[in-house]
Each structure stands twice: as structure tokens, then as C-alpha cells.
Amino acid sequence: MYQKKIRALRTIWQGLSGNARGSVWLLTGGLCATIMITGIKFVGQRLPVIEILFFRQMFVFLFLGPVIVREFPAAFRTKRLKMHVSRCAVSIVAMTTGFTAIIHLPLAEATSISFSRALFATLLAVLILKEFVDMRRWIATFVGFFGVLIIVRPSPDEIDFYALLAIFSAALVACNLIMTKTLAATESPKTIMAYHAGILTIAYSLPTWWLWVQPTLLEISYIVGIALLMSIVQYCMIKGYKEAQASAAQPLEYVRLLYAAGIGFLVFNEIPTIWTWTGAVLIISSSLYTIKRNTMKVDSK
């Protein structure tokens with residue numbers, strides 16, 4: 001009986017369009033990502049951020065262990081070692097600042113600010129990749145940054161330090177994406193992942209030893225869950241973008257804001273302010289417009 005149900009579900013799944021299947025993967029990945037940062041927010045109330053990141057990377061390295069062993073030494077063979085190290089350095093600062101912001105900011109606010117990475121990616125694409133950006137995309141980018149300012153609401157008397165950390169992290173994430181794109185032109189995904197996991201695990205080990213706080217069994221279970229969820233998120237994103245067209249898949253990432261607002265309210269009793277919603281609308285709208293313009297540019301070629 002159960003086998004018949006499984007076959008029936010499989011038939012329904014295969015009957016869906018690629019965009020529909022991709023949407024399911026991406027929506028699932030977005031939910032898992034929000035649950036993951038909720039776990040980070042919990043354990044970060046007592047454990048140092050560096051320690052959380054060390055355990056997270058250690059588990060990721062262990063998950064990749066079989067692949068690295070099977071591909072050794074080919075997995076580490078590269079002619080762009082400096083670029084790998086530079087990317088890892090950017091990742092270390094991006095994750096440290098991003099996790100710190102997540103712990104101290106409301107989930108919806110931290111999630112909204114994280115979306116600004118698409119805006120920073122536009123700027124970096126011009127500065128580093130020498131891509132051409134038309135006036136409409138520049139206007140969309142400035143509108144998105146105005147949305148960030150609405151959320152942060154800087155003033156001479158009071159500036160939210162953790163909001164600034166979130167913005168800084170978003171900029172570094174965008175920089176990381178550009179560097180990954182550059183590396184991917186000559187390096188295999190296995191090599192990129194092997195260097196990233198290995199270097200970050202080693203880099204976080206010394207400060208973790210210095211700042212060590214003995215985790216409880218519950219906190220260890222949370223950290224293991226965070227690492228597992230991160231792997232699930234990566235798998236869902238890969239499957240989602242493989243199944244769906246990029247123009248259809250990218251906008252679904254913004255559903256994470258609804259997840260964050262819901263979980264923030266249910267778990268932490270956080271109620272997003274009107275400023276958060278207004279800024280988020282501007283950031284998401286400008287990002288969606290940029291995606292649309294990029295798609296039009298690709299279609300016209």
C-alpha cells in the first residue's frame with residue numbers, strides 16, 4: 001500500500017513542470033535556511049560566534065571527507081592558491097559578521113538586509129568584472145540601497161552597530177560570489193569546496209580554543225542540526241536551480257522574509273516594524289527588477 005502511494009507521488013512529481021519542481025526545492029531550502037539561522041540565534045545567546053562557526057565548518061568538512069579522500073590529491077590541485085585563500089578570508093569575515101548580526105537583530109530585519117547582497121553584486125560586477133550596467137539597473141540599485149537605509153534608519157545620535165554588521169556581511173557575501181564565479185571558470189567545484197572547508201576549519205580552530213565555552217548536549221545537538229541543515233539548504237538550492245529557470249527561481253529566495261517574520265514572531269516574539277517591511281519591499285523590488293533586466297539582456301543575445 002505504501003509503495004503504491006510512493007509511486008503515485010512520484011508520478012505526480014514527475015508530471016510537474018521543471019519550474020514547479022524547482023520552486024518546491026527552493027521553498028524547502030528557504031525554510032531550512034530560516035530554521036538554521038533560528039538555531040544559530042539560540043546557541044549564540046551563550047556560545048561565542050567563532051565557536052559556532054568552527055563546529056559548523058568542522059561538520060561540513062567531515063561531510064565532505066569521503067569526497068576529499070576519494071579525490072585526494074586531485075581535489076587540492078590548483079594554480080590559483082592565492083585566490084582560494086583570499087576567498088576563504090572574505091568568507092571568514094562575512095560569516096562572522098553575518099552570524100553576529102543574526103544573533104542580535106530580529107530575524108526579519110537581518111533577513112531583509114541580507115537581500116542587499118544582490119545590490120552589492122551589481123556594483124562589484126562593474127568594478128571587478130567590468131560588466132556594463134545600464135541607467136535603469138543603476139536606478140534600481142540606488143532604490144534598493146535606499147531600502148536598506150530605511151531599515152537601518154541611521155542618525156547622528158544612534159546607529160545600530162549590528163545592522164551595520166549585517167550590511168557589511170552582505171557586501172562581503174556579494175564579493176564572495178564574484179570570487180566564486182571567477183574561480184569556477186578554471187577550478188572544479190570539488191576543489192573550490194575542499195579548500196573552503198579545509199581552510200575555514202583550520203582558521204576557526206585557534207580562536208575557538210582561545211574563546212572556548214563548554215557547550216551543553218543540547219547546544220551540541222543544535223550545532224549538529226545547523227550543519228546538517230546547511231547541507232540540506234545547499235542541496236535544495238542546487239536542485240532548485242537545476243530544475244527551474246533562473247528567472248523563475250531567483251525571486252523565490254525572497255519568501256525567506258515571510259519565513260523569518262513568522263518564525264521570529266512565534267519563537268522570539270518579534271514583530272517586524274513598518275520600517276522593516278517598507279525597506280524590504282524596496283530591496284526586493286529593486287532586486288527583482290535587476291533580475292528581469294538581466295534576463296532580458298541574456299534573451300537578447
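Just so you know, all these numbers are worked out from the coordinates, no wet-lab data involved. Predicted model, so just to flag it, every value in this text is computed and none were measured. For neighbour counting, all protein chains shown are included, and Cβ atoms are generated from backbone atoms with ideal geometry for every residue, glycine included.
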| Packing-based ranking, highest mean first, of 108-119, 39-50 given that Cβ atoms within 10 Å are counted | 108-119, 39-50
| query | In nm, what is the difference between 0.36 nm times the number of residues separating ILE220 and VAL143 and their Cα-Cα distance? | reply | 23.5 nm
| For the chain, what is Rg from Cα atoms divided by 2.2 N^0.38 Å, rounded to two decimals? | 1.04
| said: With a cut-off of 8 Å between alpha carbons and a minimum separation of six or more residues, what is the relative contact order of the range 29-299 in percent? | reply: 41 percent
| Stretch VAL85-VAL213 to full length: gain in nm at 0.36 nm per residue minus the Cα-Cα span? | 43.3 nm
| Near-label residues of the range 196-222 by backbone N, under 14 Å of a point 7 Å along Cα→Cβ of LEU228 | 218-222
| Where does the charge balance sit around TRP25 when Lys and Arg score +1, Asp and Glu -1, over other residues with C-beta under 9 Å from its C-beta? | +2
| request: First select every other residue whose beta carbon is under 14 angstrom from the beta carbon of LEU47; then total the charges, Lys and Arg +1, Asp and Glu -1. | output: +1
